[in-house]
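**Q** First, the structure itself, so that you have it in front of you.
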Amino acid sequence: MKNLKKIALLTASFTILSLNINAKEIDKETGLIVAPGMEIVKANCTVCHSAKFITLQKGDRDTWLSMIRWMQDTQGLWKFDDKTEDIILTYLEKNYAPNQASRRPNLSKDKLPK
Ligand code: HEC
C-alpha cells in the first residue's frame with residue numbers, strides 16, 4: 001500500500017513537471033510565443049499592428065504566406081529575402097498552427113445534409 005502511494009505521488013509530480021515543460025513561454029512585450037525566429041517576427045510584424053493580430057490567428061504555412069502576400073500587395077509590407085521569409089513562416093506555422101484540439105468533432109452522418 002505504501003508503495004502504491006509513492007507511485008501515485010511520483011506519477012503526479014511527473015505530470016506536473018511535464019505540464020511545465022509543455023507550457024509555452026510568452027514574450028512579455030508582445031505576447032508572442034518565445035521560440036526560434038521570434039525576434040525576427042517581432043522586428044518585422046509588430047511595426048504596423050499589435051502582435052495580437054498574430055496571436056489570435058492560426059494557419060498552416062500556406063495560409064500565413066498568403067496573409068503576408070496580401071499585406072505586401074495591399075498594406076505596404078516590405079518584401080523579405082528568402083531566408084528571412086523562411087524563418088518567419090517556420091515560426092508562424094510551428095507556433096500558430098491550426099489547432100486540431102479546438103475544432104469541434106465532426107457531425108455524425110445522419111446530421112449532414114443529404
Ligand atoms: C506595413 C505594415 C504591416 C506590417 C509590417 C505587417 N502587417 Fe500585418 N497587417 C497590416 C494591415 C494594415 C492589416 C489589416 C488591419 C485591419 O484589418 O484593420 C494587417 C493584418 C494582419 C493580420 C490579420 C489578417 C486577417 O485576415 O485578419 C495578420 C495575421 C497579420 N497582419 C500578420 C502579420 C505578420 C505575420 C507580419 C510580419 C510578417 C505583419 N502582419 C506585418 C499591416 C502590416
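**Q** Apply the a/c threshold of 1.5 to the C-alpha gyration tensor of the range 25-98 and tell me whether it is rounded, prolate or oblate. Don't jump to the answer; show the numbers that get you there.
**A** Working: a/c = 1.42, a/b = 1.29, b/c = 1.10.
Rounded shape, in that the Cα axes give a/c under 1.5.
**Q** Report the calculated FRET efficiency for W78 and A23 (r = Cβ-Cβ distance, R0 = 30 Å), to the nearest 0.05.
**A** Given R0 = 30 Å and the Cβ-Cβ separation, E is 0.30.
**Q** When the accessible area of the range 65-114 is split by element with a 1.4 Å probe, what percent falls to carbon and sulfur?
**A** It is 56 percent, rounded to a whole number.
**Q** Going down the table (K24/K83; K52/K111; K52/K83; K52/K114), which pairs top 31 Å between alpha carbons?
**A** Pairs exceeding 31 Å: K52/K111; K52/K114.
**Q** Over the range 25-98, give the accessible area per residue in Å² for a 1.4 Å probe, as an integer. Don't jump to the answer; show the numbers that get you there.
**A** Numbers: 4670 Å² over 74 residues.
Ligands and nucleic acids excluded, the result is 63 Å² per residue.
The values are calculated or read from the model by the stated rules, or taken from the named source; none is laboratory data. Just so you know, these numbers come straight off a predicted model, no measurement behind them. Neighbour counts run over all protein chains shown; Cβ positions are idealised from the backbone, glycine included. Please note that ligands, DNA and RNA were not included when accessible areas were found on the heavy atoms of the full protein model with its side chains. Shrake-Rupley method; radii C 1.70, N 1.55, O 1.52, S 1.80 Å.
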